[in-house]
1. Give the residues of region 64-94 that are among the aliphatic types (A, V, I, L, M) and farther than 20 Å from Val181 by Cβ, sorted by residue number.
2. Filter region 94-106 down to residues that are over 14 Å from Ala136 (Cβ atoms) and modelled with pLDDT of 90 or more, then give me how many there are.
3. Can you name the residue in region 42-82 that is touching a Cys at 6+ places or on another chain (Cβ under 9 Å) and without any contact (Cβ under 8 Å) to a residue 60 or more places away in the chain and, of all such residues, is surrounded by the most Cβ atoms within 10 Å (Cβ to Cβ)?
4. Within region 179-198, track down each residue that is at pLDDT below 90 and among the β-branched types (Val, Ile, Thr).
5. Which ones in region 65-105 are more than 25 Å from Leu45 (Cα to Cα) and aromatic (Phe, Trp, Tyr)?
6. Could you pull out the residue among Thr133, Thr85 that is at negative phi, surrounded by fewer than 19 Cβ atoms within 10 Å (Cβ to Cβ) and among the hydroxyl-bearing types (Ser, Thr, Tyr)?
7. Being touching a residue at least 40 places away in the same chain (Cβ under 8 Å) and among the charged types (D, E, K, R) is the filter here; which residues of region 108-134 pass it?
8. Would you say Tyr91 is under 23 Å from Phe171 (Cα atoms) and buried (at least 16 other Cβ atoms within 10 Å of the Cβ)?
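The values are calculated or read from the model by the stated rules, or taken from the named source; none is laboratory data. No experiment lies behind these values; they were computed from the predicted model shown. With ideal geometry, Cβ positions are generated from the backbone for all residues, glycine too; neighbour counts draw on all protein chains shown.
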Amino acid sequence: MKWSIIKTGLSAFCLLPLFTLSQTTAPADSLTLKQERKWDKRVHLKYERWERLKPTHAKMQYAGGMGVTAFGVGWDYGKRCQWETDFLVGYLPRKYADQFRLTFTVKQNYIPWSVSFDRHWAIEPFYCGLYVTTIAGEDFWKKEPGRYPNRYYKFSTKLRPYIFIGQRVAFSPEHDLLRSVSLFYEVSTCELYLVSKATNSSLSMKDILRFSFGVKVQLFRDNP
């Protein structure tokens, strides 16, 4: 019962930004919409053919369940670059694991708003999303091995899904290669922590929430 409530809550969390966006874009008058969005300077650069495979940004993220530090690239899309998909590779040194380990993360971001203050500075006051992280090594599994009693481990030790919320501040330099450089932080949690909280009232929110931060470099100011 508690697990079904948690799943319902997660679904509502993920759909909330879509509902909010529909409310902000509801007016049919294009002039009204332009006036409401004049503070949002994001522009999607439409590449053609094979150039669509070219990453639009690079990221570095510290912590967040994807290793000590993760590096990767990503692609933005949508009319105002409100969607991002990232692929990151992280690492765990032997200090935190039995041996050096690599992690691999696929991350989906939704950024409904960006507020520009002038030509150079902007803030993204809220964004959210989800990501799935896996760790390399035969000691981790997606399905419970036969050597354990049935349902002894109820969760995969190889795959870990997370949900998160965050904020960013961006600076746009006068540079042909860079569109912007952003600093961000995120607060995340995974399904294992949520279930643990639901079944153990002694756990506090700081026990199940994880804090991470990083930098995003937006590339290619002009169309090629």
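1. Met66, Val68, Val89, Leu92
2. Of the residues in that region, 1 qualify.
3. Per the criteria, the residue is His44.
4. If the condition is that a residue be at pLDDT below 90 and among the β-branched types (Val, Ile, Thr), then Val195 is the only one that fits.
5. Those that are more than 25 Å from Leu45 (Cα to Cα) and aromatic (Phe, Trp, Tyr): Tyr91, Tyr96, Phe100, Phe104.
6. Thr85
7. Arg119, Glu124
8. When the stated conditions are applied, Tyr91 does not pass them.
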